[in-house]
Number of protein chains: 2
Amino acid sequence: MRMTTIFAAAALAVLAAPAFAQDLVAGAAQVRDRALTDGTAWAVAESLTTEVGPRMTGSPAMERGRDWAVAKFRELGFTNVRVERFTTPAWFRGPESAEVVGPAPHKLHILGLGNSASTPKGGLTAEIALFRSYQELLDQPEGSLKGKIAVVTQRMPRTQDGSSYGFVNAQRTQGPREAARRGAVGYLVRSLSTDDTRLPHTGGAQAAGIPAAALSPPDAELLENLARRGAVRVKLDMQSRSDPKAPAYNIVGEIRGTERPDEVIVLGGHLDSWDPGTGAVDDAAGIAITTAAAKLAASAGPLKRTIRVVMWGSEEQGGSSGAYLAANRAEVPKMIVAGESDSGAGRVYSIALPAGSRSHPAMKAFEAALVPLKVVVRREAPQSGGADIAGLISAGTPFVDFNQDMSRYFDLHHAADDTLDKIDPAELSQNVAVWAAFLYTVANSDIDFRQLAKEAK
Amino acid sequence: MRMTTIFAAAALAVLAAPAFAQDLVAGAAQVRDRALTDGTAWAVAESLTTEVGPRMTGSPAMERGRDWAVAKFRELGFTNVRVERFTTPAWFRGPESAEVVGPAPHKLHILGLGNSASTPKGGLTAEIALFRSYQELLDQPEGSLKGKIAVVTQRMPRTQDGSSYGFVNAQRTQGPREAARRGAVGYLVRSLSTDDTRLPHTGGAQAAGIPAAALSPPDAELLENLARRGAVRVKLDMQSRSDPKAPAYNIVGEIRGTERPDEVIVLGGHLDSWDPGTGAVDDAAGIAITTAAAKLAASAGPLKRTIRVVMWGSEEQGGSSGAYLAANRAEVPKMIVAGESDSGAGRVYSIALPAGSRSHPAMKAFEAALVPLKVVVRREAPQSGGADIAGLISAGTPFVDFNQDMSRYFDLHHAADDTLDKIDPAELSQNVAVWAAFLYTVANSDIDFRQLAKEAK
C-alpha cells in the first residue's frame, strides 16, 4: 500500500512540474534507461580489480592505481585530468601467523589490523583472556590483563542499511588500545563480518603499541570452545611497518559544463583498498558507479554545470578527505553538491537529499526518474556522506546520501572475499542509473541547495 | 500429492504389521524421538574438531585422533574397543604459494592437491594455458602444453544429492596426469566448490610428477579475466613430502548383542580429514552421527545383535576400506549390513535399502519411524555405500545408503571452511534419529538381507 502512495505522489509531481522541468524529467529518464543497459561501470570495476588488484595507500600497487586512474579518465573522455598529491601515515602488513599452542594445536586464520604493532622477532606466546562482548573487556580494571592476549568474540548482526557496523566497530578500532591500557600484550578480535567463512576481515584501528589482529568467525568460535575447557595459550608472530608520510593521490577528472562551468558537482569513490581482496565492492564499485554515471549524465547533450569525479586516494587509512579540502578550499562556495559512493555494489533503495530541496523542480524530476528503479526519497536530510567528503561537508558543501542495500556488504568488506565476482552487474547498473539521473538534473538546473536549506529553516 | 500417498502407505504398513513388528515400531519411535533431543552427536563433533582439529593420515594429529577415539568410545560405554593398525601411502603438505607475475601482480589463493609433486626449490615460473572446461584440456594433443602451467576453470553446479561432484571431479583427480601427459610443468584447477569464497578446496589426485593445486573460485575467475588480455605468467612454489607406508588406524567400538552377539551391524564414519579445516562436516559429523545413533539404539533396552561402530582411519588418502576388510574378512558372512555416514551433516531426505528388504516387517517398522523425519524410502537398492565400506561390499556384505541433503556440502568440503559452526545441531540430530531407528529395528529382528536379496531375484 505504501508503495502505491509513493508512486502516485511521484506521478502527480511530474504532472504538476513546470515546462522546463519536463525537459529535465525526459532527460533524466533517458540517461537512467541508458545506464541500465550500459557496460561502462562493469568494465571499469573489472579493469581496476584485474589490472591493478589490491592497492594500499603508499604501496607500489597504488602507484599503478594512480596511473590506471589517469588513463581510465582519459580513455572515457574526461577532461582536466589531474593528480593531487599529498602525504599521509600508512601501515604496511608483513608476515603474520597465529596458532593455538595448547591445549590442542590449531592454526588460526588472522589478519593484522591497521596500526598494529609487530610482535618481538620469533613471536610472543601468552595465555588468552576471552570476552564474549566488547563491554566485558571494558569492564575489566586497568592492569588486569597483564601479560595476556585479550580476545573479544562479539558477533556482528546482518543489517540492510549497514548500521550494525556502527554499533560493533569500536571492538576493532578502539579495542587494541583498551586492551593495552589493561596490560594486554596482544589483541585478537572476531572480524566485523556477517559471514561465516574462514576469512578474517582487516581494518583500521587506533595505534596501541601491541599487536592486534582480526580472527575469522570460525576461529573466534574455536577459541570460545577451547576457552570453555580451561587455559588457552596462543602464539602470535606479526611483522609490519609504518610510514608517517606515505605518498598518496586524489585523482580528478571532469566533464565541463558549457554554461556555468565554475559551478561544480563533486562525486566519487575511493581508489585505495585494503590488501586481502582486490578491493571490488570496497571501492572499485564506487569508482565505477560514479565514473560511469558522470559519463552517462553527459550522454544526452552538453551539461550546463561541471561534473567532477574524484578518485580519493586514501580512505581506508585516512587522509584523502582533508587533503582534498585543503587543495580545493577556495572553490568550496561554488561546489553545488557533493556525494560519495562507498557502500558496495548493492542496489540503492532510498536516498536523502539536502534539506529543503525535495520540492524543487529539479529534485522532483529526479524523484520521478527514481520510480522504476524502486528507490524512495527519505523525508529527512542526510546525516552523513562518505568519509572522503567529510572535509567538504565540514566546510559547508551541501551533500546527498544514497542508501545501498548492504545486506551482503559485510560478508566481503576488508576481506580476501572482496573480489569482482561479488558484484552483480544489474545492481551495479541500478546504482549508475540513480547517480546519472541525479547528476543530469542538478547539472542542467539552477538548483541552489544552500539557499534552499536556508529557506527551509 | 505424492507425499500424501507415501504417508498413507506408511500408516497402512504399521496397521498391517504383525504383533512382533509392533514392538519394533514402538521401540524405533522411542529411540528416534530420544535422538531428536539428545546432545551426544553434537558433543562428539565439538570434541573432535576442538580437541583434535584437522587430522591427516600419518600426521601427529592423527595419533591424537586415535587416542581421542579410544577414549571417546570408552566414555560413551562402548565395549571391545580396539585399534586396528595398518599402513598406507600418505602425502604431507609443505609451504605453498602462488602468484601472478604478469601482466599485473596478484597473490593467488591455492591449496596443493594430494600427491602433488614439489616445485624446484625457489619455485617455477611459467606461462599459463587456460581452459574453461576440462574437455578442452583433454582435446589438446600430447606435448602441446610443453613448459606451460595448465589451468582448468570449469565450474561445479550446486546439487541437492551431491551428484555434480561425480561429473566434475576428474578435473581434480585426473587433471594433473592429463596435463603432465601433454607436457605441462604445473597444474591449477578451479576448486570443486559450489561457493564463491576465496578459499581453495583440496583433495586427492593421481600422482603425476608435477605440482598441482586447487584455486579458489575468485582466483580462477581472475585468471580467466587476465588471460583474456594476453599472456599470463604464474609463479608456483610448493613443497610437500610423501610416506609410502604411513601408520594409520581403524578404531572400533561395539555394543554387544545379548542373543546373537556374533551377528554384527557395521557402521561408522571416517576419522581422518584434510588439513585446511577442522574436518567437521567431513567427517566429524559422520563419526558423531553413527556413534550417537548406536548409543541411542541401545537406550531402549538390550539389543539382540551387535552394533559395531568403526572410525575408519584413512578415507581421504585411501587405505582404510581395504585394511578393514583384510583384518575382518573371516567375519564378513556374519555381518548383517554395513553403512557409512560421509556426506556431511545435512538432513537425510531419502534412503535406499538392500534389494528385497523393503517389505520385511523390520524395514516396515523402520519406514514407519521415518515418516515424521520427512525421509522417503527409494524404490531402488543402493548403488554405492561410503568409500570405507567398499571393501565389505565387494566381499558381499549387504549395505544401505542414506541420502543427505548435500546442497551446502561442497561449499565446505576439503576447505578451511569445514568447521564446527557449519553443522546445524537440528539437522545432525535428524541424522542420528534415522540411523538409531535403523539400528534398533535391524538389531532387534532376524532380518537376513542376503536371503531377501536372493528371493528378490
Under the condition of being in contact (Cβ under 8 Å) with a residue 40 or more places away in the chain and not in a strand (DSSP E or B), which residue from the range A:102-117 is farthest from the other protein chains (Cβ to nearest Cβ)? A:ALA117
Those residues of the range B:428-457 which are of a type outside the set (A, V, I, L, M) and touching a Gly at 6+ places or on another chain (Cβ under 6 Å), in sequence order: B:TYR440, B:GLU455
Please find, within the range A:191-204, the residue that is farthest from B:ARG408 (Cα to Cα) out of those that are within 14 Å of another protein chain (Cβ to nearest Cβ) and either without any contact (Cβ under 8 Å) to a residue 24 or more places away in the chain or of a type in the set (A, V, I, L, M) (or both). A:LEU199
Within the range B:19-55, the count of residues that are closer than 18 Å to B:VAL432 by Cβ, in a helix (DSSP H, G or I) and more than 14 Å from every other protein chain (Cβ to nearest Cβ) comes to 12
Within the range B:322-344, how many residues turn out to be within 13 Å of B:TYR249 (Cα to Cα) and surrounded by 24 or more Cβ atoms within 10 Å (Cβ to Cβ)? 1
Quick check on my filter: what residues within the range B:168-181 are buried (at least 19 other Cβ atoms within 10 Å of the Cβ), without any contact (Cβ under 8 Å) to a residue 60 or more places away in the chain and not acidic (Asp, Glu)? B:VAL168, B:GLN171, B:ARG172, B:GLY175, B:ALA179, B:ALA180
Answer residue from the range A:356-376, given it is over 27 Å from the mean Cα position of the chain (by Cα) and under 16 Å from A:ILE447 (Cα atoms) and is surrounded by the fewest Cβ atoms within 10 Å (Cβ to Cβ) among those: A:SER359
Count - residues of the range B:89-101 that are closer than 17 Å to B:SER314 by Cβ and either within 14 Å of another protein chain (Cβ to nearest Cβ) or surrounded by fewer than 22 Cβ atoms within 10 Å (Cβ to Cβ) (or both): 3
Is one or more of the residues making up the range A:258-271 touching a strand residue (DSSP E or B) at 6+ places or on another chain (Cβ under 7 Å) and over 29 Å from A:SER357 (Cα atoms)? yes
Take the residues in the range A:414-431 that are within 7 Å of chain B (Cβ to nearest Cβ) and in a loop (DSSP other than H, G, I, E, B), then tell me which one is farthest from B:PRO218 (Cα to Cα). A:ALA416
Is there any pair with a first residue in the range A:119-137 that is within 28 Å of A:TYR165 (Cβ to Cβ) and at pLDDT 95 or above and a second that is crowded, with 16+ Cβ neighbours inside 10 Å and aromatic (Phe, Trp, Tyr) whose Cβ atoms are under 6 Å apart and which are 6 or more apart or on different chains, and what are they? A:LEU137/A:PHE131
Answer from B:TYR187, B:TYR249 - the residue that is under 28 Å from B:PRO54 (Cα atoms), of a type in the set (Phe, Trp, Tyr), surrounded by 19 or more Cβ atoms within 10 Å (Cβ to Cβ) and within 19 Å of the chain's Cα centre (by Cα): B:TYR249
Only one of A:ALA213, A:ALA220, A:ALA207 is closer than 22 Å to A:GLY123 by Cα, more than 14 Å from chain B (Cβ to nearest Cβ) and not in a strand (DSSP E or B); which? A:ALA207
Apart from one, (1) more than 14 Å from chain A (Cβ to nearest Cβ); (2) in contact with a Phe, Trp or Tyr (Cβ under 6 Å, 6 or more places away or on another chain) all hold for B:MET238; the odd one out is (2)
Mind listing just one residue for me: the one in the range A:119-135 that is in a loop (DSSP other than H, G, I, E, B) and within 20 Å of A:ARG233 (Cβ to Cβ) and, of those, nearest to the chain's Cα centre (by Cα)? A:ARG132
Considering only residues that are surrounded by fewer than 21 Cβ atoms within 10 Å (Cβ to Cβ) and small (Gly, Ala, Ser), which ones fall in the range A:399-428? A:SER407, A:ALA426
Just give me the residues in the range B:48-88 being surrounded by 19 or more Cβ atoms within 10 Å (Cβ to Cβ) and touching a Gly at 6+ places or on another chain (Cβ under 6 Å), in sequence order. B:VAL52, B:PRO54, B:ARG55, B:PHE73, B:PHE78, B:THR88
Name the pairs: first residue in the range B:408-433 and in the same structural domain as B:THR197 (by TED's automatic domain parsing), second residue buried (at least 24 other Cβ atoms within 10 Å of the Cβ), Cβ to Cβ under 8 Å, at least 6 apart or on different chains? none
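The values are calculated or read from the model by the stated rules, or taken from the named source; none is laboratory data. Nothing here was measured: the structure is a model prediction, and the numbers come from that model. Every residue, glycine among them, receives a Cβ derived from its backbone with ideal geometry; neighbour counts consider all protein chains shown.
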